[in-house]
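Engineer: Have a look at this one before I ask anything.
The values are calculated or read from the model by the stated rules, or taken from the named source; none is laboratory data. Since the model is a prediction, treat every value here as computed from it, not as a measurement. Neighbour counts run over all protein chains shown; Cβ positions are idealised from the backbone, glycine included. Note: accessible area is taken over every heavy atom of the protein model, side chains too, but ligands, DNA and RNA are not part of it. Shrake-Rupley method; radii C 1.70, N 1.55, O 1.52, S 1.80 Å.
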Amino acid sequence: MTYVVRMIRGSRWDTESDPNAVSALKVPPEPLADFAESTLSVWLCDDLSLELDRLLAAFAAMRAKLDKLDCVIFQAKVLEELKLVIAEKPGATFDEAVNLTHRNLVGLSARDVLELTEKVYRERLLIQRRDQSEIRSLIAVAVNDRRFEIDRLSPKIRDAIKEDVARLSQSESEVPPEGINYQTDV
Amino acid sequence: MSSSPKLLDEKAVADSLERLAQDDELLVEAGERVWEVFREFVATKFVDHPDRLDLPLLIPTALLTAVLKVISPHGEFPIQPNQFWQIIDRCDISRTASASNAQMVVAELEAIWATATGESFEDGFDSEFSVMLRRFATIHGPIAMSLISEFVAREKCDAEVAAQALRCMGELDDSETRELRRQLLENALENPSHIIRDGALIGLSWLNDPRSIKPLEEAAQHEKYDLLRTELQKLILRLKGRDR
């Protein structure tokens, strides 16, 4: 199954747990602010457990400073049901593999935006947040895995992740203590 | 042969006069707007105020507020942001503000708050509002904290602006106001708006102070919004881990 990921402000989409609460019955106007564009940038994911954090790290790494990141996740069939035009347009992150998963929803009318927002609000699978501390770790892992170079990051992010990157590379280079047999697959 | 005196170019004169008239109209419009804001300010602070503030003391503040609002980067007649800040700097309002210049500090915060109207905030990037607010908080210290708290609690306050203000207070690197900022953010966890409560949570996650665990736990217990409750619980766990 393919999922669509759109970066949002989570508090605009948050709902009350009580199914009879106003926010659960009616779509509030706030989420519209995250979708009100004629060209909407989205990302596709086939396996959320494997790909989502990589996408979030790549997206957050492009920013000026470390911050939390919110996204809404919904099924790709929502786009088909609304007959929206999807254009292949590589993303602009520092992670080339992530860039290939980027799409633009193009030529959206006011009605398209409204229908999409309503449908996603009601049928979304998840609202996910990674706080700034999680984002720091995700970017550090991405740098350590050489998905992109640390020099490409903004100075503020570079400073913030430096210790995490050093810790990661140190733990990788540590030699196992004598007497312990670490078996490896040949 | 002497040259004949140059005749006035009638068209150029007409154009100049028209330009002057347009400038004049603009000036009148700006003046009217300042006057409008001035009257609003006096009406709120003086006529409606239960303690009847001292009017002569209020007039300079009201004038300053009116002008700052109109010329602020998002006002009707904006000037360059750096020029705006030069003016603010010249007001020379220090952390040891007296009661009279405290009113000027209010005026300054009102002008900053006005810049947020219509500004779209993007995670991971500083907004003009957040830069100005952090600067304001650093200059005015404790008085700024109490004013920001008042502004956030206003009934008609724009929730997104208030949430942004709270996030900024969490991010601020200023040891002198750390305790006050923690209190401000913890109190805002009880705000009726879930968007403002979310701003308080994000601010507290920046402060990363284990002393916030108890208020966070209380907030998590009665939080009705799903994402907010999950994030409150996540922060509690993180702070508890740090506390060990």
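Engineer: Scan region A:137-159 residue by residue and report those that are closer than 24 Å to A:Ala97 by Cβ and surrounded by fewer than 19 Cβ atoms within 10 Å (Cβ to Cβ).
Structural biologist: Selection gives A:Ser137, A:Val141, A:Asn144, A:Asp145, A:Arg146, A:Glu149, A:Ile150, A:Asp151, A:Arg152, A:Ser154, A:Arg158.
Engineer: Out of curiosity, is A:Ile127 part of a helix (DSSP H, G or I), within 14 Å of chain B (Cβ to nearest Cβ) and under 23 Å from B:Phe125 (Cβ atoms)?
Structural biologist: No; evaluated as a whole, the condition is false for this residue.
Engineer: Could you run through region B:199-213 and say how many residues are of a type outside the set (A, V, I, L, M, F, W, C), facing chain A (nearest Cβ under 9 Å) and more than 19 Å from the chain's Cα centre (by Cα)?
Structural biologist: So the answer is 2.
The rows are residues; the columns are (1) more than 13 Å from every other protein chain (Cβ to nearest Cβ); (2) at pLDDT 95 or above; (3) surrounded by 14 or more Cβ atoms within 10 Å (Cβ to Cβ); (4) touching a strand residue (DSSP E or B) at 6+ places or on another chain (Cβ under 6 Å).
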| site | (1), (2), (3), (4) |
| --- | --- |
| B:Pro215 | yes, yes, yes, no |
| B:Glu218 | yes, yes, yes, no |
| B:Glu223 | no, yes, yes, no |
| B:Arg229 | no, yes, yes, no |
| B:Leu235 | no, yes, yes, no |
| B:Gly241 | no, no, no, no |
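Engineer: With the requirement that a residue be away from every other protein chain (no Cβ under 14 Å) and in contact with an Asp or Glu (Cβ under 8 Å, 6 or more places away or on another chain), what does region A:1-47 give you?
Structural biologist: Answer for region A:1-47, where residues must be away from every other protein chain (no Cβ under 14 Å) and in contact with an Asp or Glu (Cβ under 8 Å, 6 or more places away or on another chain): A:Met1, A:Thr2, A:Tyr3, A:Val27, A:Cys45.
Engineer: Among the residues of region A:56-86, how many are more than 18 Å from the chain's Cα centre (by Cα) and touching a residue at least 40 places away in the same chain (Cβ under 8 Å)?
Structural biologist: Residues in region A:56-86 being more than 18 Å from the chain's Cα centre (by Cα) and touching a residue at least 40 places away in the same chain (Cβ under 8 Å): 2 in total.
Engineer: Could you please find all residues in region A:85-102 being surrounded by 17 or more Cβ atoms within 10 Å (Cβ to Cβ) and more than 15 Å from A:Tyr3 (Cα to Cα)?
Structural biologist: A:Gly91, A:Thr93, A:Phe94, A:Asp95
Engineer: For region B:148-163, what are the residues that are surrounded by fewer than 20 Cβ atoms within 10 Å (Cβ to Cβ) and touching an Asp or Glu at 6+ places or on another chain (Cβ under 9 Å)?
Structural biologist: B:Phe151
Engineer: Sort through B:Ser175, B:Ser193 and tell me the only one that's farther than 25 Å from B:Asp158 by Cβ and either among the hydroxyl-bearing types (Ser, Thr, Tyr) or open to solvent by less than 10 Å² (accessible area, probe 1.4 Å) (or both).
Structural biologist: The conditions single out B:Ser175.
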